[in-house]
Amino acid sequence: MSKRRRPTASKRVVDAKFWGPDEVPEIVPPLLEPTPDPAAVVRSLGAPPLAVDASVAERHLTAVYEEAVRAATALAAANGLLAPTD
Amino acid sequence: MAVPNARRRLRSAAGMQTKWSRALDRITLEAAAVAEATGYASTDERAALEASPLAWVGALRRLIFETDEALSSAARLLGEERAQVLADLSAERRALATALERLTGEVPAGTDVRRPPALEPEVELPAPPRLQASWADGRVVVWAAGRGSSPLPADELDSMLKAADAGGIDWEHHASVALPTGQRADARSAAIAQTLGWLVGVGAGQVGSRATLGASLAWMGEIAVWGAELVASGRMVPVLRGSTGTGGPRSGTARHRIRWVPALLARDRLTDLVDRMPGAVVALQTSPQPEGVCRSVLSAVVDAVSRAGADRLVTPATVPQASSRVEISEAVLSGLDGRPFSAEAEPAARLAEDLKRWAAPVTVGTKIGLTVRLDPPVDDGGWLLRVEATGVDKGPLPVEHALVVASGSKSQQVETQLRRLERLLPVLRRPSTRRGQVILDAEEAGELMFNLGSIVAAAGFEVLLPVVSRRRPSPQLRLFAEAMGGQSQVGVAQLSNVRWSVLFDDLELDAAGIAKLASEARPLVQVKGRWVRIDRADLAAAAAALAERASITQLAGAALLRHAVGLEGNALGGAVRVEGHGWAVDLVQGATTHPPEPLQAPSGFEGHLRHYQAEAAGWLGFLDRARLGGCLAMDMGLGKTPTLLAHLLATRGDGPALIVCPPAVLSNWAREAARFTPGLSVALHHGPRRADAEGLVRLSASHDVVLTTYATAVRDIDALARIDWRRLAIDEAQAIKNHTSDTAQALRRVPAQSRLALTGTPVENGLGDLWAILDFTNPGLVGGRTSFIEHLSRNGEGRAGTEEGALRALNGLLVFRRTKTEPEIAAELPDKVDKLDSCGMTAEQVGLYQAVVDRLLAEDLDQDSTKRKGQVLAAITALKQICDHPAAYLGDHDAGAALDGRSGKLTRLDEIVDDVFAAGERVLIFTHFARWGEKLARYLSARTGTDVGCYHGGLSRTVRDDLVAEFQHGKGPGALVLSIKAGGSGLNLTAARHVVLYDRWWNPAVEDQARDRAWRIGQTSTVLSHRLVCPGTVDERVEEIVAGKREVAGMVLPARSSLGDLDAAQLRAALGLAVDEIIEEESPPADSEEEAA
């Protein structure tokens, strides 16, 4: 009989931790509901500490948030991740 | 087996006295120990073991260890022997362990010997190479390998990426990835921004296949989806990063850039992803920190998506190098797309710190949470909005209380979060007795429930609001009727007291309720347990509708019915819901909520009523009881005739019924009555020898049913009007669609307790047709033509939608509509329905026919039987042509003459084509005569406005193929005329649902073949076949011959030679006109469409 030791349990754990499951479990991705108010979170923080007119900063940030949400929405829509609307 | 092996070892060792004796002793001892453990030890072996108990135990321990090793090796075996080897070794191991336990009480650790072999260590088969992803220096690194299998070389990796829809990414060479086995996998890398779409696709399960995606790549896909979700929710904030870091003021200039970081991360989701992160993700990290890597990947995704959005904006230029705080602030706003900019390090670092602190409430995790609650008003009070804090105590606390009882830092966090909330819900800043608690009016509450709630939730607060419905409730007028007491009159004239209200779904509002709601800025009401906003325009319309009807407190039954089916119109549109009690209410509810029971086939009915026919007959009984008329509007081929006959049989004895129909179906009615209801006595009132007025009275008194044609009815209208008919039914009721026509006007004079109209196409040209039919069946009930059309026109989009909408509104009450396309009806229909249509002869046809017969008999018929037969057959052909149409016989002599009005068959064909086209379907028309077919096609083209082709043998193959293709692929109504010789076989014309056999052929097989052009594989609908025949002519003789042959010999041709042997008298009998049987074709109605307008 061979005296060579079989892979140890710790080795197997390391393997499993490295590779993860051989068969990737099917995960149902969440459906995205784009916010109707893209800048709500940033607005909740109050005016940013920028040395510019607060209204200018808010307008600019709001525009960027709207475009960012639009980009994320397009990304989600292209991959069937948008929740159906009412 | 282990035991024989041990024995062999024992035997081979016996007697050996060599330098290996010590070793042999050990082998001998182990063999003896195995033999003893498995019950096969000899006396000597047992004695030897007992003499050395310590050695025995030692041997057992060694054996158990070795067996465990062997089991591990065997578990990796493949093939059939694996199970057997595992079973043997496990049995040996169990035996050894039992022996050891017996000797020492010791239970060996390790392999569970009690487990059955099937549960022994599983074979760890190598996993095939899959696409894996690692994270390194902000880039996605991909490679292909699997546990226990060799990694794929670069070219195969590229192929795999291509197959996984990642071929379009500009992958760069990357240093190979070290695997746990020491092997190295070739790798490619790309910036996260480039891989974003693909990674989200992986996370969404939209790209690649699960068989090719490794766990590490799938994990990264999940992160990408989460990142997109965060940005779509606006959950990200900009922070300023410099090449000198954010560690504090430095001197000089440095490159800086905005980086977008995730906000309001869900801790549970992060923990879950960290726990599930495969090590392969961090294969390139020197000191991997799973949570750090997880946050890093997520931040990179959020940054990339946010920058992509910001990049779409045009931003103002800034100074090349920002020095002051103002310049740096401007550079920050201009650089939200992530473009780096140069800035003085010290002020930039200060601004970076300030931005970090500003964003901290949403970037730094906290256990403090705020909950927003809204309670509906009680007793006309306001809506109570209150804020609670969680994470301060065991349960939620009112936020004001939490601010007091929380410790210093927690109190500060509550304050910070509350300020955030107040910025989103400024109403919370309103002066109030308690902070975080205010009373809202309906408008504010509606705004919170319908708009702000989701925004506040997206900003990281828990929001508990009353359930709302975003669906706009449609207002509907409700009419509650109570029949007036002491009224003896029941029916359309019965008066009822009525009360009006408006329903918004299940919420009933009277005028006062509407006025109260209308006074509110944003009216909120609770409908079916959900709060809904009522549109102010709807409220105004409802108020107007009620105001209009404020003075209508009594209505007659007829008016109630009109309201119920939407014929009275109202500003809210649609029908009025009629409730209460009384004749009209019972009627409406009987037609809608409690439809009449289907009629069981009455005693004496020979046949089976399909379920929809039984329902239709039940509805006819309902009309009878209500003393109403109605329109039986089942599609062609659904059996209107047997349905009415079943009803007439079920009500037999309560008075005579008059059925008026086109001449072509008169015989069919008689045949169907004889077939389905032989117990009904049926009289035909038609032809020159029909009864006079007195005779008609006697006829009606002695028969259950009198059948007549439209033209005869008009001629004998005075006589018919003298009789009290229990029922008057008009078949093919589109004949009266022109309500001003003589026919329509005359038939209205016929007195009948109930009038029925039968038609498959109740709306041929518009809703005016339907009005004409319903106004005939229930004079005056449906109101005027104009208002009827106006009110019912609102029931659908487009003409077809309007018509079907109108029929739906009236269905079950004044109309019984069923179509072949309804699945439950289609399932019950036979594959094909054959109908025989008896057609009339015009005076021109009769004259020509008689002339041909006379000429044949006047000629000296050849004595030679063959020639004589030729003469007879030529005459038969001429007669058949005349039956088709005089133009078919006259040929060029008739060139230029109009076709309509000269042939009973053509008139019938027109009716069929009208019905088919009205249903948007397609029809094949077969004729024996190709030239006549061409004329017919031209005629139909002109009449229908649709190009109708003629398929015959004189056309080239290409033209014929084109005709077939056009017909098969055409949409909507269509027709194709075919020569029965050329088109009767081999073609596939399943686009047609209708077949007309315009003239008869000797061989029934030829007719069947023709019909089967439409009924064959690929046909999904019932095929309705019409055979047109002129009774009393050679046309019918053919039918007789055909019918006879069909019963006798199926496909055998008649013995035509016998015709040549007939003498003149016999020929006259065979070919001549049977005057009594001819259906005299009635003159076309004098009235035109214009008159109806």
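Overview of results
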read-out: Filter result (at positive phi and either at pLDDT below 70 or part of a strand (DSSP E or B) (or both)) within the stretch B:489-506; value: B:GLY491
read-out: Residue that is farthest from B:GLY768 (Cα to Cα), among those in the stretch B:729-747 that are under 37 Å from the mean Cα position of the chain (by Cα) and assigned to a helix (DSSP H, G or I); value: B:ALA733
read-out: Residue satisfying all of: in the stretch B:669-700; part of a helix (DSSP H, G or I) and touching a helix residue (DSSP H, G or I) at 6+ places or on another chain (Cβ under 7 Å); farthest from B:GLY1032 (Cα to Cα) among these; value: B:ALA693
read-out: Test for A:LEU50: is it out of contact with any Leu (no Cβ under 6 Å at 6 or more places or on another chain), part of a loop (DSSP other than H, G, I, E, B) and within 7 Å of chain B (Cβ to nearest Cβ); value: yes
read-out: Candidate set: the stretch A:53-86, residues that are over 30 Å from B:ALA348 (Cα atoms) and among the β-branched types (Val, Ile, Thr); chosen: the one nearest to the other protein chains (Cβ to nearest Cβ); value: A:THR73
read-out: Qualifying residue in the stretch B:337-357 (condition: away from chain A (no Cβ under 14 Å), assigned to a loop (DSSP other than H, G, I, E, B) and either closer than 24 Å to A:TYR65 by Cα or free of Cβ contacts under 8 Å to residues at least 24 places away in the same chain (or both)); value: yes
read-out: Residue satisfying condition, being of a type outside the set (A, V, I, L, M, F, W, C) and either touching a Cys at 6+ places or on another chain (Cβ under 6 Å) or surrounded by 21 or more Cβ atoms within 10 Å (Cβ to Cβ) (or both), within set B:GLY408, B:GLY460; value: B:GLY460
read-out: Failed item, numbered, when B:ILE223 is tested on (1) among the β-branched types (Val, Ile, Thr); (2) modelled with pLDDT of 95 or more; (3) not in a helix (DSSP H, G or I); value: (3)
read-out: Candidates B:ARG993, B:ARG1027 - the one that is at pLDDT 70 or above and over 19 Å from B:GLN845 (Cβ atoms); value: B:ARG993
read-out: Count - residues of the stretch B:395-453 that are more than 21 Å from B:LEU524 (Cα to Cα), within 13 Å of another protein chain (Cβ to nearest Cβ) and of a type in the set (S, T, N, Q); value: 2
read-out: Flag if A:VAL24 is surrounded by 21 or more Cβ atoms within 10 Å (Cβ to Cβ), at pLDDT below 90 and touching a strand residue (DSSP E or B) at 6+ places or on another chain (Cβ under 9 Å); value: yes
read-out: Long-range neighbours under 7 Å by Cβ, at least six apart or interchain, first residue under 13 Å from A:ALA63 (Cα atoms) and at the interface with chain A (Cβ under 9 Å from one of its Cβ atoms) within the stretch B:305-326, second buried (at least 17 other Cβ atoms within 10 Å of the Cβ) and among the hydroxyl-bearing types (Ser, Thr, Tyr); value: B:THR315/B:SER334
read-out: Residue satisfying all of: in the stretch B:540-557; crowded, with 21+ Cβ neighbours inside 10 Å and assigned to a helix (DSSP H, G or I); modelled with the lowest pLDDT among these; value: B:GLY557
read-out: Hits in the stretch B:179-207 - residues which are part of a loop (DSSP other than H, G, I, E, B) and within 10 Å of another protein chain (Cβ to nearest Cβ); value: B:LEU179, B:PRO180, B:THR181, B:ALA204, B:GLY205, B:GLN206, B:VAL207
read-out: Subset of the stretch A:27-47 [touching a residue at least 12 places away in the same chain (Cβ under 8 Å), facing chain B (nearest Cβ under 7 Å) and either out of contact with any Ser or Thr (no Cβ under 9 Å at 6 or more places or on another chain) or assigned to a loop (DSSP other than H, G, I, E, B) (or both)]; value: A:PRO29, A:PRO30, A:PRO34, A:THR35, A:PRO38, A:ALA39
read-out: Residue check, B:GLN437 surrounded by 17 or more Cβ atoms within 10 Å (Cβ to Cβ) and among the polar types (S, T, N, Q); value: yes
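The values are calculated or read from the model by the stated rules, or taken from the named source; none is laboratory data. Keep in mind that what you see is a predicted model, and the values were worked out from it rather than measured. Please note: Cβ atoms are built from the backbone with ideal geometry, for glycine as well, and neighbour counts cover all protein chains shown.
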